[in-house]
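Enquirer: Below: one structure in structure tokens.
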Amino acid sequence: MNLHGTLPIWLTDLGDAYLRAGRIDDAERNAVRALESARALEECGHEAWALTVLGEVVSQRHPANVAVAEQHYAEAMALADARGMRPLVAHCHLGLGKLCRRVYNDGQAEEHLTIAAAMYREMKMTYWLEQTASEMRQIQ
């Protein structure tokens, strides 16, 4: 992969770092740039990661635009599933579960979190399994 081909990865990681730091606008700018770059380079795997970060960005805005977040996650899951990117599919389910828990606090949250937990358990991704269990405990 040439240096130009790594741009979507760097931008996605930068967007994710900004997101974790609470810098939502910077996160969104970098995730959008990552998505545009991945699409221009026809790198569908990186496109899926960028869409996941965008889903998280939209989910964390107040108020969250649920339809847009769900669309980003759905697109990311479709791309990831087609490429066998199971950890990313699980991350999307976790993101959707967190979003549904905050917005609806209903069965949709439990459904997504249950799927994420099962996938993390199968892949032996214990850190993420613990994160999912923490989210499940918050369902009322």
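The values are calculated or read from the model by the stated rules, or taken from the named source; none is laboratory data. Keep in mind that what you see is a predicted model, and the values were worked out from it rather than measured. A quick note on method: Cβ atoms are made from the backbone with ideal geometry, for glycine too, and the neighbour counts reach across all protein chains shown.
Enquirer: Is it the case that some residue within the range 92-109 is under 13 Å from Ala48 (Cα atoms) and either surrounded by 22 or more Cβ atoms within 10 Å (Cβ to Cβ) or of a type outside the set (Lys, Arg) (or both)?
Expert: Yes: the range 92-109 contains one or more residues that are under 13 Å from Ala48 (Cα atoms) and either surrounded by 22 or more Cβ atoms within 10 Å (Cβ to Cβ) or of a type outside the set (Lys, Arg) (or both).
Enquirer: So if I check each of Met136, Met123, which one is surrounded by 14 or more Cβ atoms within 10 Å (Cβ to Cβ) and either more than 21 Å from Leu54 (Cβ to Cβ) or touching a Gly at 6+ places or on another chain (Cβ under 7 Å) (or both)?
Expert: Of the residues listed, the single one that is surrounded by 14 or more Cβ atoms within 10 Å (Cβ to Cβ) and either more than 21 Å from Leu54 (Cβ to Cβ) or touching a Gly at 6+ places or on another chain (Cβ under 7 Å) (or both) is Met136.
Enquirer: Taking His46, is it within 13 Å of Asp16 (Cβ to Cβ), outside the structural domain of Leu14 (by TED's automatic domain parsing) and either in contact (Cβ under 8 Å) with a residue 24 or more places away in the chain or basic (Lys, Arg) (or both)?
Expert: no
Enquirer: Here's another thing I want to ask about it. Checking Lys124 against (1) over 24 Å from Leu7 (Cβ atoms); (2) touching a Leu at 6+ places or on another chain (Cβ under 9 Å), which test does it fail?
Expert: Status for Lys124: all satisfied but (2).
Enquirer: Also, quick follow-up: Among what's in the range 12-69 and is buried (at least 24 other Cβ atoms within 10 Å of the Cβ) and among the β-branched types (Val, Ile, Thr), pick the residue that is farthest from Arg86 (Cα to Cα).
Expert: Among residues in the range 12-69 that are buried (at least 24 other Cβ atoms within 10 Å of the Cβ) and among the β-branched types (Val, Ile, Thr), the one farthest from Arg86 (Cα to Cα) is Val57.
Enquirer: Thr126 - would you say it is among the β-branched types (Val, Ile, Thr) and assigned by TED's automatic domain parsing to the domain that holds Gly15?
Expert: In short, no.
Enquirer: Give me the residue from the range 115-140 that is over 15 Å from Arg86 (Cα atoms) and among the polar types (S, T, N, Q) and, out of that set, farthest from the chain's Cα centre (by Cα).
Expert: Gln140
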